[in-house]
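Trainee: Sharing a structure, written as structure tokens. Questions coming.
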Amino acid sequence: MTISQAIAGVQADLTKAGVVSVSGVQHWTADQTARFDANVRALQCAQQTSDPVVAMIAGPVTMDLSGTFSQSGSFSVSASSALPVFGLQADASRTKGQTLNVPVQFVPLSALADAEAGREVGYAGALLGQNDVVRERVAERIEGDRTALTAHVEGLMSNVKHCFEKKVRPFVGFKKE
């Protein structure tokens, strides 16, 4: 397996799992917004609460790939006056490994904006330690994203009635109307 195949496989798995980025909420496309909203609504309905617990990637995703292949062998033919001897010996081994480290943090939806802001502060690191215009811009961007995500999440939390309107009867399912 090549490195590009391994990375593509991880990206495909994350897509299948419904992973949606919450970074840069101020610059989301309509598609990003729709996917985020759909994932939140699915969690709200599944957990039957307006403030479900969500999983977020809390740090850098790292991947360790390793692989080796070795082959050795020998071949010999010999004959004696009494009996012909034929000998063959071969050895082959193949090893490959893959490790994926994904730091996941579980937070209530209402705390998602603060958790994301904390992750962004961690990434900004030394930039926020400076005393200049760069620090001010980075801090303003992080705070702007936090405020925008908070507002978006609050809108989703206040409009969750579609999940709770259906009456569920034990062992029967949803009531048809």
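The values are calculated or read from the model by the stated rules, or taken from the named source; none is laboratory data. Note that this is a predicted model, so its numbers are computed, not measured. With ideal geometry, Cβ positions are generated from the backbone for all residues, glycine too; neighbour counts draw on all protein chains shown. Heavy atoms of the whole protein, side chains included, go into the accessibility calculation; ligands, DNA and RNA do not. Shrake-Rupley method; radii C 1.70, N 1.55, O 1.52, S 1.80 Å.
Trainee: Look through the range 145-167, keep the residues that are in a loop (DSSP other than H, G, I, E, B) and over 11 Å from Ser50 (Cβ atoms), and return whichever of them is modelled with the highest pLDDT.
Mentor: Glu165
Trainee: Which condition number in (1) open to solvent by less than 60 Å² (accessible area, probe 1.4 Å); (2) in contact with a strand residue (DSSP E or B) (Cβ under 8 Å, 6 or more places away or on another chain) is the one that Gly59 fails?
Mentor: Every condition holds for Gly59 apart from (2).
Trainee: Return the residues of the range 54-97 that are closer than 30 Å to Lys161 by Cβ and either in contact with a helix residue (DSSP H, G or I) (Cβ under 7 Å, 6 or more places away or on another chain) or at pLDDT below 75 (or both); say none if nothing qualifies.
Mentor: Val54, Met56
Trainee: Taking the range 1-50, which residues are surrounded by 16 or more Cβ atoms within 10 Å (Cβ to Cβ) and over 16 Å from the mean Cα position of the chain (by Cα)?
Mentor: Residues satisfying the conditions are Val25, Trp28, Arg41, Leu43, Gln44, Thr49, Ser50.
Trainee: List the pairs whose first member sits in the range 146-157 and is closer than 17 Å to Arg119 by Cα, whose second member is at pLDDT below 95 and part of a helix (DSSP H, G or I), and whose Cβ atoms are under 6 Å apart, counting only residues at least 6 apart or on separate chains?
Mentor: Between residues of the range 146-157 that are closer than 17 Å to Arg119 by Cα and residues that are at pLDDT below 95 and part of a helix (DSSP H, G or I), the close pairs are Arg146/Ala113; Arg146/Ala117; Ala148/Val25; Ala148/Gln26; Leu149/Val25; Leu149/Ala113; Thr150/Ala113.
Trainee: Condition (residue is assigned to a helix (DSSP H, G or I), out of contact with any helix residue (DSSP H, G or I) (no Cβ under 7 Å at 6 or more places or on another chain) and within 24 Å of Val160 (Cβ to Cβ)) applied to the range 19-31: is it met by at least one residue?
Mentor: There is at least one residue in the range 19-31 that is assigned to a helix (DSSP H, G or I), out of contact with any helix residue (DSSP H, G or I) (no Cβ under 7 Å at 6 or more places or on another chain) and within 24 Å of Val160 (Cβ to Cβ).
Trainee: List every residue pair whose Cβ atoms lie under 9 Å apart, where the two residues are 6 or more positions apart in sequence or sit on different chains, the first residue falls within the range 32-48 and is within 11 Å of Leu156 (Cα to Cα), and the second residue, located anywhere, is surrounded by 13 or more Cβ atoms within 10 Å (Cβ to Cβ) and among the polar types (S, T, N, Q).
Mentor: Short answer, once both residue conditions are applied: Phe36/Ser21; Gln44/Ser50.
Trainee: Identify all residues within the range 93-140 that are in contact (Cβ under 8 Å) with a residue 12 or more places away in the chain, of a type in the set (D, E, K, R), surrounded by 10 or more Cβ atoms within 10 Å (Cβ to Cβ) and more than 25 Å from Asp13 (Cα to Cα); write none if there are none.
Mentor: Scanning the range 93-140 gives a single hit, Asp114.
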